[in-house]
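We did not get these values from a lab; they are worked out from the coordinates using the rules stated. These numbers come from a predicted model, not from an experiment. For neighbour counting, all protein chains shown are included, and Cβ atoms are generated from backbone atoms with ideal geometry for every residue, glycine included.
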Amino acid sequence: NFLVTNSHVCVCVCVCVYLILSGEHAATVTHPLPAAFSDLLPHFLVEPDDVYIVKNKPVTLTCRSTPATQIYFKCNGEWVHQDQHLIERDVDPATGLPVMQVKIDISRQQVEKIFGLDDYWCQCVAWSTTGTQKSQKAYVRIAYLRKNFEEEPLGKEVALDQEVLLRCHPPEGVPPAEVEWQRNEELIDPKTDPNFFITVDHNLIIKQARLADTGNYTCVAKNIVARRKSSSATVIVYVNGGWSTWATWSACSAVCGRGWQKRSRSCTNPTPLNGGTSCEGQSVQKSACTATCPVDGGWSEWSKWSPCGADCTMWRSRECTQPTPSTGGKECQGLDLQSLNCTSEQCPQTASGAEDVALYVGIVAVALCLTLLLIVLVLVYRRKKEGLDADVADSSILTTGFQPMGIKPTKPENSHLLTIQPDLTSTTTSYQGTLRSRHEVTGKFSVSNGPLLEPLPNGSHTLHNGKLPSDPNDFMNRLSSQTYFKTLPRDNVNTSYGTFNFLGGRLTLPNTGISLLIPPEAIPRGKIYEIYLTIQKKEDMRLPLAGCQTLLSPVVSCGPPGVMLTRPVILSMDHCSDACLENWTIRLKKQSYEGMWEDVLQLGEEVVSEPYYCQLEAETCRVFTEQLGRFALVGESLSMAASKRFKLLLFAPAYCSTLEYNIRVYCMDDTQDLLKEVMQMERQLGGRLIDEPHVLLFKDSYHNLRLSIHDMPQAHWRSKLLAGYQEIPFYHIWSGSQRTLNCTFTLERQSMSTCDLTCTLCVWQVEGEGQSLHTLESPLDSDFLLMDNCTPALAGPSAFQIPYLIRQKICSSLDTPCPNGADWRLLAQRLKLDRHMSFFASKASPTSVILDLWETQHFHSGNLNQLAAVMAEIGKQEAMIFLVSDGEC
């Protein structure tokens, strides 16, 4: 009560003071309130609102209240003098209550007097006999709009259908400016064109850029004071060129045999516009074609003369059947029937008698019999002396091996054996090692003093069967000391070398898919070479790649360069392309002595006269070369359909003593040498393989590779990765310049007792198809990936499936062209190598090159029985007389 009383006293005192100050002008009650409403508080019918002073024009505040006996304004905590009030009194006809309305004017000068303080405000206070009421505060502000935009839109060049964002931050102003956008001085209305959208912070978004959206865009800001326009931003919508569909192939350029045909396309789907990029790739494609050659007709042999007729004429004939004309070939020229006048003795009308005719016939018959007998005796003598005919092409030749007389191999069921007597008298050179077929036989034997090595200048030489010298570092140091071999790695693990002569041999880098086959007779007789094979690390060998080019194979060195070879050797190495030549231009590069990389071959456009040739298989590239050096396979994609194969490997620690658990993901080219490198690196890190390797296709679409991990047991595991996925840039994978690509997913288990983990790894190319790999965290035996335990170097016959002497017999049998086609051409066709006919034909011994390629392809899984079956299909029937039965062996 005390506080309330004091409050009333204070109010009364204030009112009394105000009445004294106001004098006679105070608003007093002129109409007493009816008794029924004497206890009502006043309420406002109109309250003052916020207003803005534009330039120098004053503003008016209005207040209206009922029932009110007195009403006034209070501005910024001070009472407004009563002289400044304009008061109007009225009575509400419905209630009979008095209504009071008051107005005041506020000038710019009044507002500016409080510059730097709070906003200028005014409040209306109304009185009744019961008490007072205050209205809401009305703020009075000076309106303005500055000239300069805080952020103006910037011009852009965007591709068709791309989203465009134009930013605009209007000038500072009171009240805040409203923003609208114009294109070429015309207002943009998002309601009529939904492709436009204006955000709450005044930015303009073009959802999908159209050609019609090219123009000058202006941001317009306005309020009650002024209207401002930003500088124009030019938006250019460009169109990147796109290829049309391929035209039909042209006619083959060759009338007969191998030729070329072309097809073209144009960059008109769509045509580049407004500075858009032209189409990438080739506008013309070339493809090999084979035109069926016309076969001209040929005469058969003349038939025997007919008996002399009654008209003293005899006849003989021939036919146009060797060969019969086909595919537009010419008919035979000349007569098919020939006649001849008989002599007077042969003519029946003038013959001396039948006795003379019988005598002549008998003499001729005896001469023929003697001739045939002589021929048979000569053939039998030659067969006994040589032991094997040059035309033998039977499976027993391939399955026997090189064995001396007196050694009887294990008797295979239902087979024939052929024993060859070697000549052991032509040289005295010592050969250390075993010469035998790679097929195991019961009786193992060694050959010494055999005709396998030419005499050396000092009279002796030791061949180590391709084994490493006693000091391997000495060989590497000697090579590295030469200028050309400064970059040769001194890593014995990735290097193989051996000593070879004319018998040839094989170098292999185990578990890399890389090998070098040195065929027999490739090294000249009397020469002995130390040859090496090694892998160059890609980070040490930067190939000059441009545009869409990518490295498809390891960089392989074989040497020493400059050695003389009489036949091409075969270098085998893995590649990671999809082997679809329609999507690629693949080139073989070789490093010159000066260190420059040169294109020596383009696949599909090989020239048989050059010293290089290449066969591309699904995962392996076979390079025929007559010059040793450093090689690599580089591809250039012709379309976005071109794909590279890459392999995905998942590793985790073998032992983990903390709550954190790391899963390491390797994305690498699908070649065996990289797989071997990663496996060796993880062994050093103590990692173990937790899932089988997966091979995926990575397209030339310029999109990055994303990896994410899902479906973990949330109760036991959580991911510490802040983002939802990890991303590997497109170029890092496509260039092939990085050996391996590694990303790590760090997981955390809730307790040390948690030992089981199952999860799903999702891998996908942005805007492309993805693949989910369900992973069960369990150790795998990674040794199964490195099962190639072959000898790094093999020299002489042990390096080949086909024994050396039998190989020579096969070559001499099939190299000679046969009229019915039963020669090396049929062998290439049966082995599905007929695409390389022109290359084989350019060699002195086509059969030997075919057998070299077969040896390279089937070294680990070669089946001589299958090759023998092929030989039997193209063999001659006469070769059967050289088969030796089991009893005769």
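Spin-label model, GLN162 to ILE114: label points 7 Å out along the Cα-to-beta-carbon direction sit 5.3 nm apart. The 3J(HN,Hα) values that the Karplus relation (6.51, -1.76, 1.60; θ = phi - 60°) gives for region 569-581 are, in residue order, 8, 10, 9, 10, 8, 6, 9, 10, 7, 7, 6, 9, 5 Hz. Gly and Pro appear as x.
Taking Cβ atoms as reference points and 12 Å as the exclusive limit, the residues near TRP824 contribute a net charge of 0, counting Lys and Arg as +1 and Asp and Glu as -1.
What is the sum of charges, Lys and Arg at +1 and Asp and Glu at -1, for the other residues whose Cβ falls under 12 Å from the Cβ of GLU598? Combined, the nearby Lys, Arg, Asp and Glu give +2.
Please tell me which of these pairs span more than 21 angstrom C-alpha to C-alpha: LYS590/LYS647; LYS589/LYS699; LYS103/LYS134; LYS147/LYS191; LYS147/LYS207? Exceeds cut-off: LYS590/LYS647; LYS589/LYS699; LYS147/LYS191; LYS147/LYS207. Between ASP599 and ASP756, the simple spin-label model (points 7 angstrom out along Cα→Cβ) gives 5.8 nm. Label positions at SER719 and LYS103, each projected 7 Å from the Cα along the C-beta direction, are separated by 7.0 nm. Of the peptides 685-694, 804-813, 591-600, the order by per-residue mean of other Cβ atoms within 10 Å, starting with the highest, comes out as 804-813, 685-694, 591-600. Legend: calculated FRET efficiency, THR199 to CYS293, from the Cβ-Cβ distance at R0 = 60 Å, rounded to 0.05, equals 0.25. Each peptide among 285-293, 820-828, 655-663 gets the average number of other Cβ atoms lying within 10 Å of its residues, and from highest to lowest they stand as 820-828, 285-293, 655-663.
Quick one: go through region 805-847 and flag any residue whose amide nitrogen is under 12 Å from the point 7 Å out along the Cα-to-Cβ line of ARG383. Within reach of a label on ARG383: no residues. A Förster radius of 41 Å combined with the Cβ-Cβ distance from TRP302 to GLU619 puts the calculated FRET efficiency at roughly 0.10. Here the extension length gained between ALA226 and THR744 equals 180.7 nm, from 0.36 nm per residue of separation less the Cα-Cα distance. Between ALA358 and ASN704, full extension at 0.36 nm per residue minus the direct alpha carbon distance yields a gain of 114.8 nm.
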